[in-house]
Amino acid sequence: MSSRNGRRLQPSANHLKSDGQLIVAMATSSSMWFDAWWYEANPTGGAKQVAINWFKGFTPAELQDPKCIGLINSARRLIGAMLHSTTTKRISLKTVFSNRARKMLHLVAWMYRNTVWSFADFTPEIADWYKSDLLETGPESLADFADDGDHLDGTNAERDADEITVGVLSAHLNMLVHIFQLSEEFQVFPELRIPEHPFRGQSVKSLAESLAISTDGWIPRVPDEVFNPLMQVVLNWIDVYAEDVLLSQKEYLRAMDARRAYKGKDYARYTDPALLRIVFDAQGTLESPWRRPFLPSRAHRSEPASPLDSKRGPTTQLRRLIDDLEVAASVSVQAPTGVRISELLAAKAEPRQSNGFPACLVQRASSSGLYDLFYLSSRTFKGEADEEGQEKEWLIGVRPAGSEHFPIAARGLLVLDKLFGPWREWFGSDYLTVSLGSGGSLPHSTPSNTKPLAERIAGITRTFINQHVEFPQEFSSWIITTHQYRKAFCQDMIRINPKALPAVQEHYGHASAYLTDRAYSGSDMTMLRMIEDVATREAARMMVDRIYGNAPLAGKLADTIDAREEMIRDLLEGADSNERRITALAEALSTEGIMLFTSDYLDCFFRPQHAMCHYDFLGDFDRDATRPLKPFRTPKNCSVCANGMINRHHIPYWITQYRTNDHIKRSNEAIGDLRVAAVASARAAQAKSVLRRIGEWPLP
């Protein structure tokens with residue numbers, strides 16, 4: 001036996017000993033304290049031994065950083081305390097190894113990648129940040145740290161629509177509480193003591209239930225005071241600065257290609273001169289450069305550098321610019337549309353569209369031919385049983401037909417396409433964006449993993465915001481997650497039109513209880529339930545207004561309601577106010593599954609056996625349908641549908657429709673474009689007919 005083995009100390013409260021003593025200390029009966037793995041026999045019959053891999057989830061480069069190793073060693077002490085605590089209840093070995101160690105590793109990995117260097121820094125605000133990131137990146141961020149023990153704490157394991165279980169979330173959030181409870185244990189190690197309860201005393205289980213299912217107010221919408229300056233910076237990057245970043249990348253790759261015959265590793269002798277020539281003035285269109293030129297390598301500098309650039313050569317500075325442009329383009333897609341980061345990162349560039357666009361950017365003409373519609377085509381994973389997700393399209397912008405203008409989100413996709421095009425070709429990838437590796441420079445060979453990762457995007461986004469965006473003082477510490485864009489998008493749509501809930505739900509692709517009105521627009525109901533309640537009550541209100549108030553209505557359904565007036569009055573006999581009548585009628589309609597889906601031009605009193613939108617798509621009526629088919633829900637279809645009903649709320653639309661198309665008709669007749677004039681004439685005639693039926697013709 002070696003002298004080292006002979007001096008081993010058996011497992012005990014080693015977490016309170018000095019580093020020198022721990023060199024020869026045993027963590028378990030078969031592993032030493034600083035071993036990469038801790039192994040222990042599993043007392044459960046037939047079960048394999050339990051183990052902790054202290055380096056799991058970290059890259060080799062990260063493991064070279066003393067700060068990373070320091071956090072891992074802090075995690076060792078905390079896990080040791082859970083096994084051999086002197087002040088709190090000890091936890092079973094299996095629970096610690098199978099559950100808590102993995103959650104601890106996820107936590108310290110998150111801390112390292114977000115520059116939280118000690119547990120003493122873990123304020124409730126930092127804990128909120130951690131919660132936000134758990135929800136934002138979802139189950140994929142936990143993959144390296146997940147196991148079958150995620151529910152050992154006895155929490156609810158039922159999966160919600162976002163595939164984040166309450167049990168998994170509770171287990172991760174509980175780690176902070178466990179560490180806080182161990183604070184008294186570490187009087188001599190203040191860096192391991194969380195100063196106050198991380199969740200302000202709130203029960204972790206109730207918190208996890210609200211977060212996992214309703215994503216409650218701990219993740220608020222991004223405030224306008226934060227959103228507006230962020231978007232201004234983002235637009236500068238994708239519309240102005242992108243040109244110089246793309247040129248810099250092109251020059252770098254050209255220089256790298258020119259050194260093919262060179263067998264050494266001093267790539268800088270080729271790339272540095274190419275980069276140092278770049279002037280950041282948007283190819284001469286700006287009066288002055290928007291940033292200083294690339295700084296030469298440290299050994300060749302004659303001027304001071306910013307702290308971030310002090311140790312960086314031109315190639316590393318270019319990598320930072322590429323990261324910044326990737327962030328700006330990603331934000332420009334997500335912020336105006338509310339799409340998830342997972343949905344953006346799943347987008348593909350190949351095969352190319354016939355117009356040269358990447359596969360994920362689809363352009364179509366509207367049904368009228370007067371507008372170009374832009375869609376993001378990707379995959380959605382939330383709530384899908386198939387791990388590969390489901391193909392889906394999101395409307396991300398509209399422009400007048402023939403215009404050269406691109407909506408913001410479409411511009412962002414095109415920038416990402418150009419930025420990563422050369423790398424995709426090199427790596428043989430079809431993703432719109434690719435990973436350039438975990439280092440701070442640019443790769444010289446294909447990285448081991450080129451798939452884009454949400455966790456990395458979250459990290460470089462925070463760096464981008466810290467470096468480039470100035471917020472009002474009271475919002476200077478605001479931490480943005482992409483989930484906040486979704487909430488802002490939804491709330492803004494509903495602010496504009498409170499009846500837009502069904503459209504927002506459809507845009508987000510939610511058909512489950514995950515998307516809640518508390519999460520996105522402020523109540524306690526799930527979004528789907530609220531949509532149903534609103535739609536049903538609106539249907540009841542419309543009928544009551546017609547029968548008891550003689551409200552003007554047009555459309556085929558108005559005749560049906562009039563024909564059934566006596567039956568409806570009998571049903572509501574005894575209800576002595578309109579509100580009581582609406583409530584009673586809504587209950588009856590809910591039983592029949594009848595709802596009202598609103599739009600600017602017409603309300604759909606949906607009944608599948610009459611739905612022309614489904615007929616237009618299928619060639620027949622879909623009697624199992626439960627809602628209108630949005631792509632085929634048009635004024636043309638709805639105006640001849642027995643489900644359609646027009647009331648006073650739609651008058652502004654039809655007045656505008658008449659005047660706009662009458663003007664288009666006259667203008668195009670004057671220049672001899674009879675095709676457009678004919679389309680406009682038909683639409684003006686339809687609008688005139690509607691206004692006459694609802695009693696608004698002639699116009700003033």
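Quick look at the values:
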{"read-out": "M32 long-range amide H proximity, modeled H, under 5 Å", "value": "A27"}
{"read-out": "Accessible-area ranking of E669, E573, largest first, probe 1.4 Å", "value": "E573, E669"}
{"read-out": "Stretch gain in nm, segment R259-A41, where the contour uses 0.36 nm per residue and the Cα spacing is subtracted", "value": "72.9 nm"}
{"read-out": "Accessible area in the full protein assembly, largest first, 1.4 Å probe, for F381, F420", "value": "F381, F420"}
{"read-out": "Phi to ³J(HN,Hα) by Karplus 6.51 cos²θ - 1.76 cosθ + 1.60 over segment 316-329, Hz, x for Gly, Pro", "value": "5, 5, 5, 4, 5, 5, 4, 4, 5, 5, 4, 4, 4, 5"}
{"read-out": "Kirkwood estimate for segment 414-494, i.e. one over the average of 1/r between Cα atoms, Å", "value": "15.2 Å"}
{"read-out": "Average silhouette area of segment 601-700, convex hull of alpha-carbon atoms, in square nanometres", "value": "7.1 nm²"}
{"read-out": "Gained length - N578 relative to T115, 0.36 nm times residue gap less alpha-carbon distance", "value": "160.7 nm"}
{"read-out": "Estimated inter-spin distance, S18 and E425, nm [label 7 Å along Cα→Cβ]", "value": "6.1 nm"}
{"read-out": "Largest to smallest principal axis extent of the C-alpha atoms in segment 310-433, angstrom", "value": "57, 40, 27"}
{"read-out": "Interchain or long-range residues, amide H under 5 Å from Y431's placed H", "value": "A349"}
{"read-out": "Distance between modelled label sites at E470 and A682, nm, 7 Å Cα→Cβ extension", "value": "5.6 nm"}
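The values are calculated or read from the model by the stated rules, or taken from the named source; none is laboratory data. Just so we're clear, the structure is a prediction, and the values are computed from it rather than from any experiment. Cβ sites come from the backbone with ideal geometry, for glycine too, and all protein chains shown count toward neighbours. Surface accessibility is based on the protein's heavy atoms, side chains included, excluding ligands, DNA and RNA. Shrake-Rupley method; radii C 1.70, N 1.55, O 1.52, S 1.80 Å.
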